[in-house]
């Protein structure tokens with residue numbers, strides 16, 4: 001087979017896996033939240049509710065495609081497309097295993113972290129345009145809030161990567177994972193790890209940072225006016241983004257596919273997926289545990305706490321590397 | 001193949017998938033238009049006022065602060081990757097840079113730029 005065809009097939013498989021993971025992450029969230037609240041969760045469609053995602057997809061697809069008459073038709077349709085495209089695009093460079101054989105990643109680029117930051121920061125366009133183009137009050141408020149929140153936390157997120165880059169000496173994701181063979185970076189970079197986890201939750205607009213959707217005050221925020229599959233696209237993008245930041249956390253801080261305790265008899269991909277799964281569970285756990293932030297505190301927390309901490313962390317890392325390396 | 005060629009192929013596949021999903025609702029959904037359905041949502045009442053009007057200026061300030069600090073954060077990346085080679089020289093350079101950054105940061109803090117009133 002010509003190599004471009006191999007890449008094409010791999011891309012198709014990867015996208016299929018990502019979408020399937022989204023479907024079952026959503027089911028897992030509803031199940032786990034159900035158990036945490038002492039109720040069974042979805043259990044009617046198929047055994048243990050396993051066919052629930054298929055039922056939801058069929059229902060969303062057959063819904064009427066509504067658009068408020070105040071909306072801007074082109075941008076209203078463009079916004080969910082942009083959200084989805086940026087959410088999918090990140091996986092072009094995420095390695096799921098060691099790249100020596102070139103099997104477990106689509107592209108192994110040497111500017112990996114920069115590519116990640118560039119693509120993930122485009123995600124804010126879908127949300128801000130979607131809320132603005134709806135021509136309605138709640139979506140507008142929600143999208144402006146979302147934009148301010150996402151750009152504020154993106155700053156601290158970008159700075160939390162720098163400690164890792166100093167230690168690894170490369171921006172290639174493959175190189176960063178290989179640099180963690182002896183010591184996973186969440187130990188020397190614990191502060192950066194905590195900052196990253198907090199900003200990751202805020203970037204994906206998940207509870208307790210879900211002010212963007214805030215059902216009780218904004219009635220779902222930026223996607224109030226979206227229904228059917230167009231709402232579904234935002235929903236897919238949100239879960240795929242959760243998966244993305246879980247992958248990044250595993251790659252940059254938890255050693256990627258490196259095995260803990262030298263248990264290398266388990267394949268690397270299994271370790272990687274376990275770490276990603278842990279993060280996804282952590283998300284659900286947060287959602288069913290914590291109440292929502294207040295908006296002024298959210299912004300103050302991002303600018304006055306996370307930003308200086310991340311900067312201090314990178315300076316301390318630089319001092320340690322400069323003096324002892 | 002150059003490292004970015006597979007990335008390009010994947011992006012094309014992702015684009016096709018996103019276009020497919022975006023095109024589906026127009027094809028599959030039934031349509032029963034009705035003037036009430038295309039009202040913008042406002043808790044079930046008639047929209048009381050036009051959209052727009054006054055908006056908190058704080059959001060513009062946040063946007064500007066973001067541009068300023070994000071551009072400065074971007075200059076950390078090349079330095080960070082070369083830190084093992086630059087050693088003390090790189091450290092001093094960056095300490096001076098961070099001090100300049102910190103003066104601006106302290107000024108914005110003192111002026112209440114991070115205060116949400």
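The values are calculated or read from the model by the stated rules, or taken from the named source; none is laboratory data. This one's a predicted model, so the numbers in the text were calculated from it and none came from an experiment. Here Cβ is always computed from backbone atoms with ideal geometry, including for glycine, and neighbour counts include all displayed protein chains.
Checking residue A:147 against (1) without any contact (Cβ under 8 Å) to a residue 24 or more places away in the chain; (2) assigned to a helix (DSSP H, G or I); (3) out of contact with any helix residue (DSSP H, G or I) (no Cβ under 6 Å at 6 or more places or on another chain), only one condition comes out false. Which one? Among (1) without any contact (Cβ under 8 Å) to a residue 24 or more places away in the chain; (2) assigned to a helix (DSSP H, G or I); (3) out of contact with any helix residue (DSSP H, G or I) (no Cβ under 6 Å at 6 or more places or on another chain), the lone unmet condition for residue A:147 is (3).
So, residue A:93, is that one modelled with pLDDT of 85 or more, in contact with a helix residue (DSSP H, G or I) (Cβ under 9 Å, 6 or more places away or on another chain) and either crowded, with 23+ Cβ neighbours inside 10 Å or closer than 21 Å to residue B:22 by Cβ (or both) or not? Steps first, answer last, please.
Numbers: modelled with pLDDT of 85 or more: yes; in contact with a helix residue (DSSP H, G or I) (Cβ under 9 Å, 6 or more places away or on another chain): yes; either crowded, with 23+ Cβ neighbours inside 10 Å or closer than 21 Å to residue B:22 by Cβ (or both): yes.
Yes, satisfied.
Within segment A:187-212, the set of residues being crowded, with 20+ Cβ neighbours inside 10 Å and over 16 Å from the mean Cα position of the chain (by Cα) comprises A:189, A:192, A:211.
Taking the condition at negative phi, within 14 Å of chain B (Cβ to nearest Cβ), surrounded by fewer than 14 Cβ atoms within 10 Å (Cβ to Cβ) and free of Cβ contacts under 8 Å to residues at least 60 places away in the same chain, does residue A:54 pass?
No, not satisfied.
Taken residue by residue, segment A:105-113 has at least one member that is crowded, with 21+ Cβ neighbours inside 10 Å, outside any loop (DSSP other than H, G, I, E, B) and within 24 Å of the chain's Cα centre (by Cα).
Picking from residues in segment A:199-241 that are under 19 Å from residue A:155 (Cβ atoms) and not in a loop (DSSP other than H, G, I, E, B), the one that is modelled with the lowest pLDDT is A:212. For segment A:173-183, indicate whether the set of residues that are crowded, with 24+ Cβ neighbours inside 10 Å, out of contact with any strand residue (DSSP E or B) (no Cβ under 8 Å at 6 or more places or on another chain) and without any contact (Cβ under 8 Å) to a residue 60 or more places away in the chain is non-empty. No.
Of the residues making up segment A:142-169, those that are farther than 16 Å from residue B:60 by Cα, more than 7 Å from chain B (Cβ to nearest Cβ) and over 16 Å from the mean Cα position of the chain (by Cα) number 4.
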